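Okay, so here's the structure we're looking at.
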Amino acid sequence: MFKKFNFTGLLFIQWTWMELRLWVQRVVKWNLRKITGLCELQRIAYGETPGAARSSNIERSLMMSRSSEIQKLISYLDRAANEGRFSATKSSNDLIISKAVKAVMQIKLIKPSVHQQFVISLEKCIQKIWSYRQLLNDLESLRTTSYNSENSEHEEKLIKLWKSLRPNEELSDRISRQWQEIGFQGDDPKTDFRGMGILGLENLLYFAIDYPEAARHVLSRSNHPRLGYSFAIVGINLTSMAINLFRDGSAKYHIYNTCQFGSHIETFHKFYCYLFLEFDKFWLSEKPRDVMEFGKIRDRFEKKIRVELSDLKVQFKLNVAVETI
Ligand SMILES: *[C@@H]1O[C@H](CO)[C@@H](O)[C@H](O)[C@H]1NC(C)=O
């Protein structure tokens, strides 16, 4: 009885405290607007450094807004992202983004002629925020596309992967034990993609084609008799790590800091290549006894990456200058 009372009391105090804080925040916001003559979005755009600090704060401010017009604007931009209307080329986005910025100026009663810098900043932030959301959709649709050996495009990509990783060795047959040399499980890789679908293949292929030397180097290390691991299988596992980091928003600071003109599928592939190279280094530095330690080392690696990604200034840079063993 006593315990229960205490618990409800605690909840009540907590609730009152939260209400009070929200109320104080609103009063502070209102006063700041009076004193500076700037709304919160402007204060962020002028006060925060470009990149993650500015874009994430703008995002938070928009999402928290109690204005129904701002919420309507958010739905409009979400719809554009869901329909895939943000593209990698800048010009095609201009219409959506300038329309959105115009709406904010009207809602917040900001004069564009006086606040040109704000217009530019806000455009960039909107591009970053909503191209990230669109990228999540694109990733999901690739992930849910299963590898299909009757699809000639899929088959061509698989063969291309072989050729890029093993340029000096002919594949004797489509079904062959040779696939195990690049870390697939059996004679036919088609079943190894499973939960990651065609996204797993696209990731591996991007790594092999865009960083051929680094990819072959990592492959040769993965074939080490004692310290080795299955290159393709680990690669597919890293695809799932990468997509999870994107989905739960952990990759956002890095992306907002790195991509001036928003993110698209290549942004994801590059992030993946970074993970692969870093994982390979991490694996060796952990001195595994055998491949059975994969799960443990993988978890430690993910933890390390998450810590690094939580820094507002994070910017992963691909270091392809590989050392030789
Ligand atoms: C990746 O590896 C971990 C550890 O072995 C495992 O728990 C997880 O299910 C794997 N994920 C995928 C998508 O293969």
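Residue-wise test of (1) on the phi > 0 side of the Ramachandran plot; (2) polar (S, T, N, Q).
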{"site": "51", "(1), (2)": "yes, no"}
{"site": "61", "(1), (2)": "no, yes"}
{"site": "64", "(1), (2)": "no, no"}
{"site": "71", "(1), (2)": "no, yes"}
{"site": "80", "(1), (2)": "no, no"}
{"site": "84", "(1), (2)": "yes, no"}
{"site": "94", "(1), (2)": "no, no"}
ask   = Condition test on residue 115, is it more than 30 Å from residue 232 (Cβ to Cβ), away from the ligand (no atom under 16 Å from the Cβ) and surrounded by 12 or more Cβ atoms within 10 Å (Cβ to Cβ)?
value = yes
request  = Report whether or not residue 222 is outside the structural domain of residue 127 (by TED's automatic domain parsing), among the small types (Gly, Ala, Ser) and closer than 18 Å to residue 269 by Cβ.
outcome  = no
request  = Quick one: in region 118-144, of everything that is within 20 Å of residue 85 (Cα to Cα), buried (at least 21 other Cβ atoms within 10 Å of the Cβ) and among the hydrophobic types (A, V, I, L, M, F, W, C), which residue is nearest to the chain's Cα centre (by Cα)?
outcome  = 135
ask   = Out of the residues in region 193-247 that are modelled with pLDDT of 95 or more, away from the ligand (no atom under 16 Å from the Cβ) and of a type in the set (A, V, I, L, M), which is farthest from residue 306 (Cα to Cα)?
value = 209
message = Of everything in region 261-306, what is over 30 Å from residue 97 (Cα atoms), open to solvent by 60 Å² or more (accessible area, probe 1.4 Å) and within 15 Å of the chain's Cα centre (by Cα)? Give them in sequence order.
response = 306
ask   = Among the candidates 287, 313, 303, which residue alone is within 15 Å of the ligand (Cβ to nearest atom) and either assigned to a loop (DSSP other than H, G, I, E, B) or more than 21 Å from residue 55 (Cβ to Cβ) (or both)?
value = 303
query = In region 205-247, how many are aliphatic (A, V, I, L, M), more than 22 Å from the chain's Cα centre (by Cα) and open to solvent by 10 Å² or more (accessible area, probe 1.4 Å)?
reply = 1
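The values are calculated or read from the model by the stated rules, or taken from the named source; none is laboratory data. In this text the structure is predicted, and so the values were computed from the model without any measurement. Note that each Cβ is placed from the backbone with ideal geometry, even for glycine, and that neighbours are counted across all protein chains shown. Only protein heavy atoms, including side chains, enter the accessible area calculation; ligands, DNA and RNA are left aside. Shrake-Rupley method; radii C 1.70, N 1.55, O 1.52, S 1.80 Å.
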